[in-house]
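Here's the structure, in structure tokens; my notes come after.
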Amino acid sequence: MNAANLPQNVLVPIFMEVSRNARLWELEGLTQVCRHWRSISTDTPALWTNLAVDDFAIGLLPTALARSGLPVRVDLDVKI
């Protein structure tokens with residue numbers, strides 16, 4: 001079995017651990033590995049509730065907020 005085929009009950013805890021220290025663009029990367037990972041990551045609202053956003057990912061913020069469906073904490077690190 002390869003990582004792309006791991007079941008949801010295995011991947012979600014891994015994704016949640018990754019999300020604790022990840023920038024938004026890194027979380028978005030989980031959605032681009034394969035269809036299976038995209039489905040799990042986009043269907044896990046809790047994954048999108050603690051967002052670290054920098055200049056590189058500011059355009060991803062509306063999508064991430066829509067995925068969360070829950071109260072969200074957003075840390076902005078942008079240059080004005």
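Kyte-Doolittle cut-off 0.0, length cut-off 24 Å along the helix's own axis using Cα: show which whole DSSP H helices in the chain pass. Write down the numbers at each step before the final one.
Working: long enough: none.
In the chain, no H run is both long and hydrophobic enough.
Under unit Cβ charges (Lys, Arg +1; Asp, Glu -1), what dipole magnitude, rounded to 20 debye, does the chain have relative to its Cα centre?
Dipole magnitude for the chain comes out near 180 debye.
Using Cα centres only, tell me the gap between region 11-32 and region 48-80 in whole Å.
13
Would you compute the Debye intensity of the chain from its alpha-carbon atoms alone, equal scatterers and no solvent, and pass along log10 I(q)/I(0) at q = 0.21, 0.23 Å⁻¹ to two decimals?
Summing over Cα pairs of the chain leads to -0.91, -1.06.
Sum up the charges of everything whose Cβ sits under 13 Å from the Cβ of Thr44, counting Lys and Arg as +1 and Asp and Glu as -1, but leave Thr44 out. Write down the numbers at each step before the final one.
Working: positive: Arg38, Arg67; negative: Glu17, Asp43.
Net of charged neighbours comes to 0.
Quick note: the coordinates plus some simple rules give every number you see, no bench work behind them. Keep in mind the model is a prediction, meaning the values are calculated, not measured. Neighbour counts are summed over all protein chains in view; Cβ atoms, including those assigned to glycine, are modelled from backbone coordinates with ideal geometry.
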